[in-house]
Each structure stands twice: as C-alpha cells, then as structure tokens.
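Enquirer: This is the structure, below, for whatever I ask next.
Each value in this text was obtained by applying a stated rule to the coordinates, not by laboratory testing. Computed from a predicted model, the values in this text were never measured in an experiment. Methodologically, a virtual Cβ is constructed for each residue, glycine included, from the backbone with ideal geometry; neighbour enumeration extends over all protein chains shown.
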C-alpha cells in the first residue's frame, strides 16, 4: 500500500510534493499502523479513503497550479505594451494639431481651394476623431476585460478552502 | 467582505488547531474523535486543507520540520482565529434563524 501511495503522490505538482510529500508519507504510515490494529475491514476502508483522497487532492492541486499559471500569463497578456501608449499619444497630438489647423484656416478665410479645403480638414478631423473614439472604446473594453478576468481568477483561486 | 462558509474538513482542522499546535497525525485523530468517528480525514484531504490555510495565513508552521520524523506542527494565526470566530458567529445566526423558522412552522 505504501508503494501505491508513493506512486499516487507523483500525480501531485512537484512543488506540492516537495513541500508536503515526506510529511504525508509519515502521517500515512502512522494512520496505517493504527488501522492495521483494527482489523482488515478498517484497513480496507482506510486504503479506499486514502486513494480517493489522493486522487481528489491531486486533481485539485493540478487545477489550482494551472489557474495560478494562467493568472500570471493573463496578467502578462493584458499588460499594455509601451508602443500602445506611444501610439495613443501620437493620435492625440495629431487630433490636437488638426483642431489647431482647422481653427487657423477658418480665421484666415481658407487660403486653399474652397472645395478641397472645405472638405479635407473636416474629413481628416472626422477620421482622427473616429480613430480616437475607437481607441478609447477599445481601451475601455480592454480594461473591462482585464478586470473581469482578474475577478474570475480571484474568485476561482480565492474560494475558501 | 462576505465570506463563503468553510467546508467541513477545513472547519474541523481549524477547530482541532484552536486548542494549540498539532501535527498532521494528531489532527486526523483529533478530528475523528471530535466528530465521534463521522469525519475521517485522508492525508490528501488534510494536506490540501493545510496548504490552502497556510497560503491564506490562517495557520502557520509552529516549529521547524523534524527531519528524522518527517513532520511539523501547525498552529492558528490571529487571522485564522478571527475568521474562525466569524464563522461561528455566522453559524450561530443561522441556527437561531433555523430555530425561529422551525418553531413558526410548527405553530
């Protein structure tokens, strides 16, 4: 039975085995000795309980270990890279420049062609505003998604034992 | 923050440690005795519960692992004791409510 116990312990994550493996075997041996004194039936039920406990525990620990690694990976995946911040600053500056250009042109009385000049600036401004709006919406969605994922992870890991 | 109820094995482990530090084997025996043989913890269940309680800081290792015997003792921390008290308060409220409702049902 001890050999089977050692074998089943291999189902646990290595970190868990390092932390508790030796101790679990020591306790198992003590309880096993007690049960052997209480007859065959007690030993049989004890063996069943231990096998079930190890299988259940190993699955649980594996899942928890997977959740922890997933949580770390998700946090990394949802961290905004530096280039995104730079891109957003560039978009913002472009929008501000377009606004300023439009303001100057309107005060000077449109030096460019009345047809194109009248269309180009509002069109560019609309495109940039749209891009900016989409960027803000996307940014908001990413933050919301990040919060949801973190909350779910915290719930799955933070369930009381 | 509202806490979800503790599972029975965890509650028994905490109760066992409420008196003082215990080793794994001692916890198993104490829980069995406390519950009149109804709750028998396997080592897998016990150490799963201990690990989660250690992670949460509800319990701590009371002494260094004894390499010759491969075991160590665990004890409740102040956080663990506080949470255990909260759990009892919750259970008392539930029992009181159950008594009230059941007596109303009979009337």
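Enquirer: Give the Debye-formula value of log10 I(q)/I(0) at each listed q (0.13, 0.21, 0.22, 0.24 Å⁻¹), with one equal scatterer per alpha carbon of chain B, two decimals each.
Expert: Rounded to two decimals, the profile gives -0.53, -1.12, -1.20, -1.35.
Enquirer: Helix-derived [θ] at 222 nm for chain B: sum -39500 (n - 2.57) over DSSP H runs of at least 4, divide by residue count, nearest 500?
Expert: Numbers: 4 runs with 65 residues, N = 107.
After summing the helix terms and dividing by residue count, I get -20000 deg cm²/dmol.
Enquirer: Which whole-number percentage describes the relative contact order of chain B, with Cα contacts under 8 Å and a sequence gap of 6 or more?
Expert: On the way: 96 pairs, mean separation 28.6, N = 107.
In percent, rounded to a whole number, it is 27.
Enquirer: Next up: How do B:45, B:77, A:101 rank when sorted from fewest to most other Cβ atoms within 10 Å of their own Cβ? Provide the component values of the computation, followed by the final result.
Expert: Details: B:45 24, B:77 17, A:101 13.
Placing the least packed residue first, the sequence is A:101, B:77, B:45.
Enquirer: Quote the relative contact order of region A:2-70 in percent (integer), defining contacts as alpha-carbon pairs under 8 Å separated by 6+ residues. Present the calculation step by step, with values, prior to reporting the outcome.
Expert: Numbers: 33 pairs, mean separation 32.5, N = 69.
Reported as a whole number, the value is 47 percent.
Enquirer: In addition: Using alpha carbons only, how many degrees (0 to 90, rounded to 10) separate the axis of helix B:24-34 from the longest principal axis of chain B?
Expert: Compared with the principal axis, the helix lies near 30 degrees.
Enquirer: In addition: Which order results if B:23, A:38, A:150 are arranged by neighbouring Cβ count within 10 Å, fewest first?
Expert: Values: B:23 20, A:38 11, A:150 14.
Least to most surrounded, the residues fall as A:38, A:150, B:23.
Enquirer: Which of B:82, B:75 comes first, and how do the rest follow, when ranked by fewest Cβ neighbours within 10 Å? Let's see the in-between values first.
Expert: Working: B:82 12, B:75 17.
With the sparsest Cβ surroundings first, the list reads B:82, B:75.
Enquirer: To the nearest 0.05, what FRET efficiency results for residue B:62 and residue A:152 with a Förster distance of 25 Å applied to their C-beta separation? Display every interim value, and only then the final one.
Expert: On the way: r = 35 Å, r/R0 = 1.41.
The pair residue B:62/residue A:152 has a calculated efficiency of 0.10.
Enquirer: Compute log10 of I(q)/I(0) for region A:2-70 with the Debye formula, placing one identical point scatterer on every Cα and leaving out solvent, at q = 0.15 Å⁻¹, to two decimals.
Expert: Normalising to I(0) and taking log10 leaves -0.51.
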